[in-house]
1. Kirkwood hydrodynamic radius for the chain: how many Å is it when counted over pairs of different Cα atoms?
2. Rounded to whole Hz and in sequence order, give me ³J(HN,Hα) for the stretch 18-30 from the Karplus expression 6.51 cos²θ - 1.76 cosθ + 1.60, θ = phi - 60°, writing x for Gly and Pro.
3. Tell me, what ³J(HN,Hα) does each residue in the stretch 46-60 have, in order and in whole Hz, if you take phi through Karplus 6.51 cos²θ - 1.76 cosθ + 1.60 with θ = phi - 60° and put x for Gly and Pro?
4. For a label point 7 Å from the Cα of Ala111 along Cα→C-beta, name the residues of the stretch 38-52 whose backbone N is under 18 Å from it.
5. Hey, can you rank 38-47, 81-90, 4-13, 58-67 by average C-beta count inside 10 Å, highest first?
6. How much length, in nm to one decimal, is gained on full extension between Ala8 and Glu38, taken as 0.36 nm per residue of separation minus their Cα-Cα distance?
7. Tell me which residues come under 5 Å, amide H to amide H, from Arg139 once H is placed; ignore anything under 5 positions away on its chain.
8. May I ask you to give the percent of accessible area on the stretch 24-64 that is carbon plus sulfur, with a probe radius of 1.4 Å?
Amino acid sequence: MKSGRKAALEKRLAGYWRMEVANAVFIPSAMLFVAISEDTRIGLLSGIAIIPMSVLLLLGGFYWRGKMLKMQGRPGPLRQVLAWADRLQWILLILVIAAGIAVAAAWVSPAISASLADRICATLAAVLAGLEYINYYHRQLQHFDHFSDLKKLFSGQGFRPAQMAVDLKRFRKAG
């Protein structure tokens, strides 16, 4: 029989992983829907920013799923996700930076984008990609979904290390 706290945590993790994976599809789809409904175009610029954003959302989703499965006595999926997160860290950082540079260039020289909607979609995706990168590889930015985290943030304790960053550190030490 599971304790109430463990069951509640498993339920929260189940929601996290599903939300992150769904957002990897939903956010780009919503961007495309808005662009189409406004009879405008999005192009390569948006793609450059959407790719790292979506990969980070998927990675985050699979990470939380791995954490949940580990709690259920199945540590293998978490090890696999951490191996991927380890291999992808520098690639994702480069993609996030490239997206930021491309977006900045498009705002300076709008002709390199397909439209204003392309620049807006790309900007939103690039910002989200940067935030997700920090949120998973460095510091936990999300504090609004669990009261104890929010309370710590408002008490001046700042942003704690990201859970995946902590797990990655252990994973890398284990070799």
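The values are calculated or read from the model by the stated rules, or taken from the named source; none is laboratory data. What you are looking at is a predicted structure, and each value in this text was computed from that prediction instead of being measured. Note that we place each Cβ from the backbone using ideal geometry, even for glycine, and neighbour counts take in every protein chain shown. Surface accessibility is based on the protein's heavy atoms, side chains included, excluding ligands, DNA and RNA. Shrake-Rupley method; radii C 1.70, N 1.55, O 1.52, S 1.80 Å.
1. Final number for the Kirkwood radius of the chain is 17.5 Å.
2. Karplus values, whole Hz, x for Gly and Pro: 5, 5, 5, 5, 4, 5, 4, 9, 5, 5, x, 5, 5.
3. Whole-Hz 3J(HN,Hα) from phi for the stretch 46-60: 4, x, 4, 8, 5, 4, x, 4, 5, 5, 5, 5, 5, 4, x.
4. It comes to 44-45, nothing else.
5. Ranking the peptides 38-47, 81-90, 4-13, 58-67 by packing returns 58-67, 38-47, 81-90, 4-13.
6. Using 0.36 nm per residue and subtracting the Cα-Cα distance, I get 6.6 nm.
7. Ala162
8. Details: 1600 of 2120 Å².
That fraction is 76 percent.
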